[in-house]
1. List pairs: first in region 286-303 and on the phi > 0 side of the Ramachandran plot, second open to solvent by less than 30 Å² (accessible area, probe 1.4 Å) and more than 7 Å from the ligand (Cβ to nearest atom), Cβ under 6 Å, 6+ apart or cross-chain?
2. Somewhere in region 158-167, is a residue within 19 Å of ASP120 (Cβ to Cβ), at pLDDT 95 or above and outside the structural domain of GLU117 (by TED's automatic domain parsing)?
3. Among the residues of region 321-343, count how many are closer than 13 Å to MET394 by Cβ and not in a loop (DSSP other than H, G, I, E, B).
4. Step by step: first the residues of region 212-238, then only those that are in contact (Cβ under 8 Å) with a residue 40 or more places away in the chain and away from the ligand (no atom under 16 Å from the Cβ), then the one that is nearest to ILE321 (Cα to Cα). Which residue is that?
5. Given (1) in contact (Cβ under 8 Å) with a residue 24 or more places away in the chain; (2) open to solvent by less than 70 Å² (accessible area, probe 1.4 Å); (3) not assigned by TED's automatic domain parsing to the domain that holds LEU137, identify the lone condition not met by GLU27.
6. Inspect region 373-391 for any residue being at pLDDT 95 or above and either assigned to a loop (DSSP other than H, G, I, E, B) or in contact with a strand residue (DSSP E or B) (Cβ under 7 Å, 6 or more places away or on another chain) (or both) and give the result as yes or no.
7. In region 262-281, is there at least one residue being under 18 Å from TYR190 (Cα atoms), of a type outside the set (Phe, Trp, Tyr) and more than 16 Å from the chain's Cα centre (by Cα)?
Amino acid sequence: MPNKSNHDPFSNALRQLANIKDIIKLEENIYTQLQAPQKFLEVNIPVKMDDGKIKIFKGYRSQFNDARGPFKGGIRFHPDVNESEVKALSAWMAWKTAAVNIPLGGAKGGVIVDPRELSDRELEELSRGYMRGIYKLIGSAVDVPAPDVYTDPRIMGWMMDEYEKLTGQHDPGVITGKPLSIGGSEARYYSTAQGGFYVLDVAVKKMGLSKNATVAVQGFGNAGAHMAKILQKAGYKIVAVSDSKGTIANVMGIDVEKLEAHKKKTGSVAHYPGCEDLGAKHCLGQEVDILIPAALENSITSENVEAIKAKLIVELANGPITPEADEVLKKKNILVVPDILANAGGVTVSYFEQVQNAYSYYWTEKEVLEKLSKIMYDSFEQIWKKKEEYLTDMRTAAYILAVERVAQAMKDRGRA
Ligand code: NAD
């Protein structure tokens, strides 16, 4: 059972579901089934370290719901991975695929490890070992993993190779976010940010914010760094950026391309020349129009929410705002574009990757972006419509739409 702490991710995920249960008159028999993942696997992965000693790493795969299609969700390598977090992320995936109406369910995986402390060989061993642990539970028509925090296309390539060795056949659709040479999709590597940009673009118009609005980005990894680059190109002014080691700020604007080169060289955004250096926590309270949390869950809590000055928050990270903090943001009239919409660009292009793998026929970057933008703009409008219909916030509206879709699929399968 998840503990009752405000920062327990799965408790928070269940509270978000509970919040809309009565609004949509969700049947008790469906609600009961949505209180836990359909399946949850724990694996212990032995890895021979470079010093010759075996070390055991714990990993998980949570399959939350597959009523709308095969389970789908990334794999996180992080020292703070835990059972509750993986379960919460798997539930959010089920709502996300439903919110943007792609025919997939929700899952998530994770390994408790700091991959930055492993050599390349150890990381490959761990990735292959994790796949050996979960391979019987996954498959291109069953459950399809992808990258998440501290995992990337190279790791997906190793995992796919291990899966294909174990099963003796080519099946690139078993995992997404792969390198292009082995069945990856054009635009996948920046699709989370690109999808986030499309919905941000509409939110900005709805709010009447100007195109040179100021932005702070928390987290400078796959999601955050690409978002910062896309926004800068579109004319927005990036004035603060953070990663796990620090925050840098400059009211005159930060050159994101140069910052990326600095991070590549030094391992962090900290100490980027010409910027003020602040602690990692200071990114959130910056004087900006738009705030992009793109790091981990529970970043904005009841302890720091009062310091938020942004008018618009676009949740590129999963679960960055606790339910208590969310209430405060509502009262402060800050528009929050919720994670299950804002960061759905990643899973949407993962879905495109699966489709391309299934047909062995590949699309151009332009084709991928056209299809992605349509899904993101349409989904924003559908959620906005629900927001107005129910006179509520965007998160509640997105949950209403998503849970209704999952519930309908469960009913149509006779699972109620
Ligand atoms: P990543 O590993 O590429 O980057 C994570 C970044 O967060 C790093 O820059 C790290 O330094 C930073 N970070 C960690 N702790 C921090 C802290 N306390 N303060 C500030 N920064 C901190 O991971 P990612 O793939 O960019 O994922 C980021 C978030 O986006 C996660 O919540 C993830 O679940 C979500 N997400 C990612 C994808 C995707 O396709 N990659 C898709 C949907 C959602």
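1. ASN298/THR322
2. No; the residues of region 158-167 include none that is within 19 Å of ASP120 (Cβ to Cβ), at pLDDT 95 or above and outside the structural domain of GLU117 (by TED's automatic domain parsing).
3. Total meeting the criteria: 11.
4. In this case the residue turns out to be THR214.
5. Condition (2) is where GLU27 drops out.
6. yes
7. Yes: one or more hits.
The values are calculated or read from the model by the stated rules, or taken from the named source; none is laboratory data. The structure displayed is predicted, hence computed values, not measured ones. Cβ: placed from backbone, ideal geometry, glycine included. Neighbour counts: every protein chain shown. All accessible areas refer to the heavy atoms of the entire protein, side chains included, with ligands and DNA or RNA removed. Shrake-Rupley method; radii C 1.70, N 1.55, O 1.52, S 1.80 Å.
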